[in-house]
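We did not get these values from a lab; they are worked out from the coordinates using the rules stated. On a predicted model such as this, the values are computed, not experimentally measured, just so you know. We place every Cβ from the backbone using ideal geometry, glycine too, and count neighbours over all the protein chains shown.
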């Protein structure tokens, strides 16, 4: 409705709409719509005249009883002739608005607008997921994949569009890996260090070797082992490694007579292919009697004692033992405590009351570091101090100066020094905690790291109640505080409550 429209024409349009809609209540709805229209804002008095005229005329028709004799579409046709409802869709839309009017609904008009710009450039852009530059890169990458046959266009009825975005862990994961191509030659680089990469599968793409996959997830594990040293890592190209190649390769061809004579002279054998086996089937137990006896006989300090035991059986004189080193003399002084069992030398330890005893293996020097590493630095060792480590060692082994070796090993253990720090720390006074009811006080400790399981766990959180001594073991993937707190809440506190 416009301000300059004639009053008579507006009345005809309003009456035409009212004739089509039978309910009388729609007249009130039409009145509300007109009052809220732009025409009411421009000329309120003019619109009021239209509403009053329309309502009065309609009530007059109903009072005279002429409503049944009138044709409802007469007013509509008259309005169409005047050009107010020339569009069928617009006419149906207006009638629908009148019949289904609700003040709580919000609708838009059919008016179409266009903005004609002269010199100004829009400062906004449509909503997008990728920037134009990134979209060009994605489009280029998709075209390459289509050309290489890696992907193909889908014609399925269930297909849906996708959006390619960058991975959030691109800077925290391994280097960008290449896509494997079945028709190309694969390159497999391996080593046997058991600490570094292990194996790398790669392709040669555009003259460069591109990694496809790693056998192990952690690439730079060897860097952690070298961090304790004052060093600097520098890159050196492959052509500068001629010294290493010369030590592992034959300088001439296989048919070189000179190299063949040199290899024959120094007893060099041609490399052979070694059968791949597992330790459980190929390697023998390193602590069986034959292996231990062999190492004891190879030790110059233990060998004389074994020979005297096998030959005479009695304790040799001082004149016989005087030429040997102090360790041999120490074993000679404990002659009655030493016995041969299946050819292996043992020491029989007895308690002060004589009621308990145990056999201690006389350990050769070649095995001292292995035992100390297992009893102190392994997951079952726990990096305990000198007293506990020495107690565990003496339960199974004995050698001269065992305490000094244990103290030196614990003092030079890198993980222990890193955690404990230098110097002595002030400690609180030891005291006993009295508990009177179950689950009044609990204690926990972490065992690990152990070999990682299929679920990704390599540590064990051990919980124990002070009163009942009830233990529980929970596997955890790491030793972080959030992980421990989650296990305490879910597996302990949720079942037994908060400790008092």
I'd like the antiparallel share, as a percent to the nearest 5, of DSSP beta bridges with both residues in the range 338-471. 90 percent
Most exposed to least, judged by fewest other Cβ atoms within 10 Å, 357, 375, 324 sort to 357, 324, 375
Residue-span extension gain [residue 135 to residue 407] - 0.36 nm each, minus C-alpha spacing: 91.4 nm
Here the residues of the range 464-500 lying in the modelled label zone of residue 446, meaning backbone nitrogen under 19 Å from a point 7 Å along Cα-to-Cβ, are 464, 472-493
So how far apart, in nm, are the two label points at residue 396 and residue 319 if each is 7 Å from Cα heading toward Cβ? 4.3 nm
Would you mind getting me the FRET efficiency between residue 329 and residue 494? Use the beta-carbon distance for r and R0 = 60 Å, nearest 0.05. 0.40
Normalise the Cα radius of gyration of the range 436-475 by 2.2 N^0.38 Å (N = residues in it) and let me know the number. 1.41
Work out how much length residue 374 to residue 257 would gain on full extension: take 0.36 nm times their residue separation and subtract the Cα-Cα distance, in nm to one decimal. 37.1 nm
Starting from the 7 Å offset along Cα-to-Cβ, what nm value, one decimal, do you get for the label separation of residue 355 and residue 152? 8.4 nm
Fewest first, what order do 398, 158 take by the number of other Cβ atoms within 10 Å? 158, 398
For the pair residue 418 and residue 285, what calculated FRET efficiency results from E = 1/(1 + (r/R0)^6), where r is the Cβ-Cβ distance and R0 = 41 Å, to the nearest 0.05? 0.75
What order do you get for 301, 472 when you list them from fewest to most C-beta neighbours inside 10 Å? 472, 301
Please give the FRET efficiency for residue 339 paired with residue 188, using the beta carbon to beta carbon distance and R0 = 56 Å, rounded to the nearest 0.05. 0.55
Quick one: length gained pulling residue 312 to residue 348 fully straight, 0.36 nm per residue minus the C-alpha distance? 11.0 nm
